[in-house]
1. In what sequence do V69, V117, V23 fall when counting other Cβ within 10 Å, fewest first?
2. On a 0 to 90° scale, report how tilted helix 147-184 is relative to the longest principal axis of the chain, with both axes built from alpha carbons and the result rounded to the nearest 10.
3. Subtracting the Cα-Cα distance from 0.36 nm times the residue separation, let me have the gained length for I134 to E97 in nm, one decimal.
4. For E71 and K2, calculate 0.36 nm times their separation in residues minus their Cα-Cα distance, and state this gained length in nm to one decimal.
5. Over the chain, with a Gaussian network built from C-alpha contacts below 10 Å, which listed residue (K72, K108, K47) shows the highest mean-square fluctuation?
6. Evaluate E = 1/(1 + (r/R0)^6) for E118 and T146, where r is the Cβ-Cβ distance and R0 equals 41 Å; express this FRET efficiency to the nearest 0.05.
7. Give the cross-link partners of K147 among the aspartates and glutamates, using a straight C-alpha distance below 13 Å as the criterion and excluding same-chain residues fewer than 8 apart.
8. How long is the gain from V23 to E55 if the chain were fully straight, where each residue apart is worth 0.36 nm and the alpha carbon distance is subtracted?
Amino acid sequence: MKGKTILKWISNSISTLLIILLVCAVLIVISSRAAGGEPSLFGYQLKTVLSGSMEPEMPVGSLILTKQVDEKETFKTGDVITFRTSENILVTHRIIEVEHNGQRFITKGDNNNGPDVEPVLAENIVGKYSGTTIPYAGYVFHYMNTKQGAVLFLFIPGLLFLGHAIFTIWRALRLIEGPKKEETI
């Protein structure tokens, strides 16, 4: 009897975990698509590190957490910011010099030899690095934002949930049929 209770508890836990996983995957994919690939939660965004310019603090393939900023935000030398370049590319580098009363910044990647070519205007800053880095998670996050990744991250949890549901139904039918066979003997 105790073994059946443990198995039932494990089965319920797996079902709950799979439902949570499926709902989270759906929410992440939908929020990514709705926000143009940049989902935001409580004023924070996840960014994937695609180059080694900020190593060793931010290794390639890491996921970093940036706090969204508004026009009132002030920045100082040493802050790590995420900004849009003139080519509309997001870059995360450290401020090495503040110019024009905080309206223009000279930035540099920690692993780069020299400062960035173009100064960063205050209105092009979209976030400030929070100090949180998750190594290797950026590879998954970046892939999840592709069409194939979105399908895969919705399909796999759904398939796992369906497989678990089929197994649970099969096991329940076996338990129901078991006593009937014994009664006919």
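Just so it is clear, none of the values below were taken in a lab; they were calculated from the coordinates. Keep in mind it's a predicted model, so treat the numbers as computed, not measured. Cβ sites come from the backbone with ideal geometry, for glycine too, and all protein chains shown count toward neighbours.
1. Listed from fewest to most nearby Cβ atoms, that is V117, V23, V69.
2. Roughly 20 degrees between the two axes.
3. 10.5 nm
4. In short, 18.7 nm is gained.
5. Most flexible of the set in this elastic network: K72.
6. It comes to 0.90.
7. In chain and number order, there are no partners.
8. 8.1 nm
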